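Structure record follows, encoded as structure tokens.
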Amino acid sequence: MLTEPLALNRIDATEIIDVLYEIFCRDFIESDTYLADQIYINPRSHRKDDDKEMDFWHLTTRDVKEKVWENRKPVWRVVDRYLDFDRASRLEWVKQILTHHDDESIRFFYHRETNRKKDIRLYLWAFEEDFVVILQKLGRSSSFLVTSFYLDHEGKKRDFNARYQNYLKTDPELFECEWF
């Protein structure tokens, strides 16, 4: 179902971001993308950084953090975002996963976040490929791309499997949270 990852090492380093942005525009700006033919994936083009949608940056780059001490306690602070080759080379997979969410190779589940709002987000996990797409609902029939990334360590895979199993057990916190 999923295409081969992009061979970013064959693209001139000065052109990688432009090539990736063309793919993002093709998949989310120039044509509307829907989940289950009913939930619009809003690229939130009004939110930009460096003339590109913030959602694009969250699909292609990764935070680099450093540990600093505040009030004698360690705190992780974001220093910058840098291109994440594992994530960026799979950019085309985002739309493929969304349009084929019901494929047996995709495990989708809802999870209540620990953020301030305790948002319930939808995870679409291509578990055999170790790649996940995360969506946040905007309204009745739209959502936005929170992020996507390649699972590059076993701890994260175990965490996602636990979340998936928790969803299957019909966690009371997730009662009637389905979008479609």
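The values are calculated or read from the model by the stated rules, or taken from the named source; none is laboratory data. None of the values given here were measured: they were computed from a predicted structure. Cβ atoms come from the backbone with ideal geometry, glycine included; neighbour counts cover every protein chain shown.
Structural remarks
Condition check ((1) in contact with a helix residue (DSSP H, G or I) (Cβ under 7 Å, 6 or more places away or on another chain); (2) under 15 Å from Leu83 (Cα atoms); (3) in a loop (DSSP other than H, G, I, E, B)) across all residues:
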| residue | (1), (2), (3) |
| --- | --- |
| Met1 | yes, no, yes |
| Glu4 | no, no, yes |
| Asp12 | no, yes, yes |
| Val19 | no, yes, no |
| Tyr40 | no, no, no |
| Arg44 | yes, no, yes |
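- Test: residue in region 36-55 that is of a type outside the set (Gly, Ala, Ser), closer than 17 Å to Arg90 by Cα and surrounded by 10 or more Cβ atoms within 10 Å (Cβ to Cβ): yes
- Per-region count, region 35-52, residues touching a strand residue (DSSP E or B) at 6+ places or on another chain (Cβ under 9 Å) and touching a residue at least 12 places away in the same chain (Cβ under 8 Å): 8
- Flag if Arg77 is of a type in the set (Lys, Arg) and touching a residue at least 24 places away in the same chain (Cβ under 8 Å): no
- Contact map, region 56-72: first residue aromatic (Phe, Trp, Tyr), second residue assigned to a strand (DSSP E or B) and surrounded by fewer than 10 Cβ atoms within 10 Å (Cβ to Cβ), Cβ cut-off under 9 Å, separation 6 or more or different chains; the map is empty.
- Those residues of region 75-114 which are acidic (Asp, Glu), touching a strand residue (DSSP E or B) at 6+ places or on another chain (Cβ under 6 Å) and at pLDDT 95 or above, in sequence order: Asp84, Asp86
- Identity of the residue in region 20-34, aliphatic (A, V, I, L, M) and touching a Ser or Thr at 6+ places or on another chain (Cβ under 7 Å), that ends up surrounded by the most Cβ atoms within 10 Å (Cβ to Cβ): Leu20
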